[in-house]
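*Asks:* Below is one structure. I have some questions about it.
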Amino acid sequence: MSIRLAVIGAGIMGADHARIIARDLPGAILQVVCDADEARARDIADQNDAAHTSTDPQATIARPDVDAILIASPDHTHAELSLACINAGKPVLCEKPLSPDPNECLAVIAAETAQNRQVVQTGFMRRYDPSYTEMKTALTDGILGAPLMMHNFHRNVDAPAFFTGQMAITNSAPHEFDVARFILDTDYTAISVFQPARTGSTTVPPVFMVLETKGGQLVNIEINNNAAYGYDVRGELVGEKGTVCLNTPIYARYNLALEARERYAADWRPRYAKAYRLQNQDFLRFVQTGIFPATAANAWDGYAAALTAECGVRALDQGTRIKIEAAEMPPLYRR
Ligand code: ISE
């Protein structure tokens, strides 16, 4: 029997997940599209042959014809809706961040721990991207030697209208916070955050972060939400014996009028199309088998990213290095 999925939030990510479910996730059907804007929910439902629409997320989660949920609503609603899924006993793939507030993440962790069952998969899809997979494999296979540093650049064309300056750290950077932690298999001990003195007219200036890890590595991250030229994510893992760099999949090179050029994606969706598909396939298997996927990020990983982001906002505000001290990890999350 097909797994009946509801998508909550019909914005840029909800629309993309609805498309993936409807066209690229055998074994699943798009049962409900829920959005506060009924017309937007109906539009995405019609585009993807969904049977039903709703404007009530809580009622959508409770529906007897919904087996699992994909949350793609605004960041501040993620934890509350994840808690509703836990209480309903329904698996949920929650888009990142699990919450911008680490305390809300701890409430989700407490609810899962009380049931002694993982219900929440957090949507850090870069773990599934083939270039990051190769980077992690190079480390675990030992060909790099001991890891020393990881350099990361994360550049968007322009920040969405709703973006505030902090969201470079609380919304964009959690991708790097999570994937660097995943690849290095370690946790962070401190963060320092800087901004260029010249930030131009933008309301979302670039940030440059340096994180220290329990494994003794340094991780630096540049986030520039207004890079203008294209969507461009780069990474280089530096080991004692060599380095591994991410490659962006380029499908064509143009030779025209004495020039050779390649195109950048306009945003993350084409760059991580395969990662989203693999992530969502793992989520479907999780719903079908009840076995939490080894690669996927869980609620604890969501908490770790949110705590790092909160410390990063403090480090920027205070202009000082901030120690990152996490709560005790419950046994439920020990791998
Ligand atoms: C957005 O929410 C994403 O998840 C994208 O992957 C990231 O590049 C972008 O900066 C975020 O705002």
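*Asks:* Of all residues being in a loop (DSSP other than H, G, I, E, B) and among the aliphatic types (A, V, I, L, M) in region 146-166, which is surrounded by the most Cβ atoms within 10 Å (Cβ to Cβ)? Just the residue, please. Write out each step before concluding.
*Replies:* Taking region 146-166 and keeping what is in a loop (DSSP other than H, G, I, E, B), we get 146, 156-166.
Now restrict to residues that are among the aliphatic types (A, V, I, L, M): 146, 157, 159, 161.
Numbers: A146: 12, V157: 17, A159: 21, A161: 6.
Among them, the one singled out is A159.
*Asks:* Taking the criterion of being in contact with a strand residue (DSSP E or B) (Cβ under 8 Å, 6 or more places away or on another chain) and of a type in the set (S, T, N, Q), would at least one residue in region 147-162 satisfy it? Steps first, answer last, please.
*Replies:* Just the residues of region 147-162 that are in contact with a strand residue (DSSP E or B) (Cβ under 8 Å, 6 or more places away or on another chain), to begin with: 147-157.
If we keep only those that are of a type in the set (S, T, N, Q) too, we end up with 152, 156.
Yes: region 147-162 contains one or more residues that are in contact with a strand residue (DSSP E or B) (Cβ under 8 Å, 6 or more places away or on another chain) and of a type in the set (S, T, N, Q).
*Asks:* For a quick check of your reading of the model, give me the residue pairs whose first member lies in region 30-51 and is in a helix (DSSP H, G or I), whose second is surrounded by fewer than 19 Cβ atoms within 10 Å (Cβ to Cβ), with beta-carbon atoms closer than 6 Å and at least 6 apart or on different chains.
*Replies:* Every condition considered, the pairs that remain are E38/T55.
*Asks:* Oh, and also: Which one of I183, I221, I169 is assigned to a helix (DSSP H, G or I), closer than 20 Å to A306 by Cβ and within 13 Å of the ligand (Cβ to nearest atom)? It would help to see each step written out before you state the result.
*Replies:* Values: I183 fails: within 13 Å of the ligand (Cβ to nearest atom); I221 fails: assigned to a helix (DSSP H, G or I).
Step by step, each of I183, I221, I169 is checked, and only I169 is assigned to a helix (DSSP H, G or I), closer than 20 Å to A306 by Cβ and within 13 Å of the ligand (Cβ to nearest atom).
*Asks:* Tell me yes or no: at least one residue of region 202-213 is within 16 Å of the ligand (Cβ to nearest atom), within 20 Å of the chain's Cα centre (by Cα) and assigned to a helix (DSSP H, G or I). Quick ask: steps written out before the conclusion?
*Replies:* Narrowing region 202-213 to residues within 16 Å of the ligand (Cβ to nearest atom): 202-209.
Of the ones still in play, those that are also within 20 Å of the chain's Cα centre (by Cα) are 204, 206-209.
Of the ones still in play, those that are also assigned to a helix (DSSP H, G or I) are none.
The answer is no; no qualifying residue exists.
*Asks:* Could you check region 1-58 and list, in sequence order, the residues that are more than 23 Å from D267 (Cβ to Cβ) and either hydroxyl-bearing (S, T, Y) or within 16 Å of the ligand (Cβ to nearest atom) (or both)?
*Replies:* If the condition is that a residue be more than 23 Å from D267 (Cβ to Cβ) and either hydroxyl-bearing (S, T, Y) or within 16 Å of the ligand (Cβ to nearest atom) (or both), then S2, T53, S54, T55 are the ones that fit.
*Asks:* Criterion first (more than 21 Å from A110 (Cβ to Cβ), more than 19 Å from the chain's Cα centre (by Cα), touching a residue at least 40 places away in the same chain (Cβ under 8 Å) and in a loop (DSSP other than H, G, I, E, B)) does T295 satisfy it? Break it down stepwise before answering.
*Replies:* On the way: more than 21 Å from A110 (Cβ to Cβ): yes; more than 19 Å from the chain's Cα centre (by Cα): no; touching a residue at least 40 places away in the same chain (Cβ under 8 Å): yes; in a loop (DSSP other than H, G, I, E, B): yes.
No.
*Asks:* Would a scan of region 89-101 turn up a residue that is in a helix (DSSP H, G or I), within 24 Å of Q166 (Cβ to Cβ) and touching an Asp or Glu at 6+ places or on another chain (Cβ under 9 Å)? Before the answer, list the steps.
*Replies:* Within region 89-101, the first condition is being in a helix (DSSP H, G or I), and the residues that meet it are none.
Within region 89-101, none of the residues are in a helix (DSSP H, G or I), within 24 Å of Q166 (Cβ to Cβ) and touching an Asp or Glu at 6+ places or on another chain (Cβ under 9 Å).
*Asks:* Determine which member of the set K274, K241, K323 is out of contact with any Lys or Arg (no Cβ under 6 Å at 6 or more places or on another chain) and within 16 Å of the ligand (Cβ to nearest atom).
*Replies:* Answer to the check: K274.
*Asks:* Give the residue that is nearest to the chain's Cα centre (by Cα), with candidates limited to residues of region 136-145 that are surrounded by fewer than 17 Cβ atoms within 10 Å (Cβ to Cβ) and closer than 19 Å to G216 by Cβ. Give the steps one after another, and end with the answer.
*Replies:* Going through region 136-145, the residues surrounded by fewer than 17 Cβ atoms within 10 Å (Cβ to Cβ) turn out to be 137, 140-143, 145.
Still in the list and also closer than 19 Å to G216 by Cβ: 140, 142, 145.
Details: T140: 23, G142: 27, G145: 28 Å.
Result: T140.
*Asks:* In this structure, is G302 touching a residue at least 60 places away in the same chain (Cβ under 8 Å), part of a helix (DSSP H, G or I), more than 14 Å from the ligand (Cβ to nearest atom) and closer than 24 Å to A159 by Cβ? First the steps, then the outcome.
*Replies:* Values: touching a residue at least 60 places away in the same chain (Cβ under 8 Å): yes; part of a helix (DSSP H, G or I): yes; more than 14 Å from the ligand (Cβ to nearest atom): no; closer than 24 Å to A159 by Cβ: yes.
So G302 does not fit the description; no.
*Asks:* Report yes if G165 is modelled with pLDDT under 95, more than 18 Å from the chain's Cα centre (by Cα) and of a type outside the set (K, R), otherwise no. Walk me through how you get there before you give the answer.
*Replies:* Working: modelled with pLDDT under 95: yes; more than 18 Å from the chain's Cα centre (by Cα): yes; of a type outside the set (K, R): yes.
Taking the combined requirement at face value, the residue satisfies it.
*Asks:* Right, here's the next one. So if I check each of K241, K214, which one is closer than 27 Å to R314 by Cβ and of a type in the set (K, R)? Please lay out each step first, then the result.
*Replies:* Working: K241 fails: closer than 27 Å to R314 by Cβ.
Result: K214 is the single residue among K241, K214 that is closer than 27 Å to R314 by Cβ and of a type in the set (K, R).
*Asks:* Hey, does region 247-265 have a residue that's small (G, A, S), within 16 Å of the ligand (Cβ to nearest atom), under 30 Å from V119 (Cα atoms) and not in a loop (DSSP other than H, G, I, E, B)?
*Replies:* Residues of region 247-265 that are small (G, A, S), as a first pass: 252, 257, 260, 265.
Filter again for within 16 Å of the ligand (Cβ to nearest atom), leaving 265.
Pick out the ones that are also under 30 Å from V119 (Cα atoms) and you get none.
So far as region 247-265 goes, no, none of its residues is small (G, A, S), within 16 Å of the ligand (Cβ to nearest atom), under 30 Å from V119 (Cα atoms) and not in a loop (DSSP other than H, G, I, E, B).
*Asks:* Which of the residues that make up region 48-60 are under 25 Å from the mean Cα position of the chain (by Cα) and farther than 21 Å from C85 by Cα?
*Replies:* Within region 48-60, just N48 meets the criteria.
*Asks:* Another question, if that's okay. Looking only at region 134-163, count how many residues are touching a helix residue (DSSP H, G or I) at 6+ places or on another chain (Cβ under 8 Å) and more than 13 Å from the ligand (Cβ to nearest atom).
*Replies:* Final tally of qualifying residues: 6.
*Asks:* Restricting to region 183-211, count the residues that are under 23 Å from E325 (Cα atoms) and either surrounded by fewer than 18 Cβ atoms within 10 Å (Cβ to Cβ) or among the polar types (S, T, N, Q) (or both). Let's see the steps before the verdict.
*Replies:* If we filter region 183-211 for residues that are under 23 Å from E325 (Cα atoms), which is where we start, we get 183-194, 207-211.
Still in the list and also either surrounded by fewer than 18 Cβ atoms within 10 Å (Cβ to Cβ) or among the polar types (S, T, N, Q) (or both): 185-187, 189-190, 192, 194, 208, 210.
Of the residues in region 183-211, 9 are under 23 Å from E325 (Cα atoms) and either surrounded by fewer than 18 Cβ atoms within 10 Å (Cβ to Cβ) or among the polar types (S, T, N, Q) (or both).
*Asks:* So, one more: Name the pairs: first residue in region 191-204 and of a type in the set (G, A, S), second residue part of a loop (DSSP other than H, G, I, E, B), Cβ to Cβ under 7 Å, at least 6 apart or on different chains?
*Replies:* Sorted first by the residue in region 191-204, then by its partner, the pairs are S192/R321.
The values are calculated or read from the model by the stated rules, or taken from the named source; none is laboratory data. What you see is a predicted model; the values in this text were computed from it and never measured. Cβ sites come from the backbone with ideal geometry, for glycine too, and all protein chains shown count toward neighbours.
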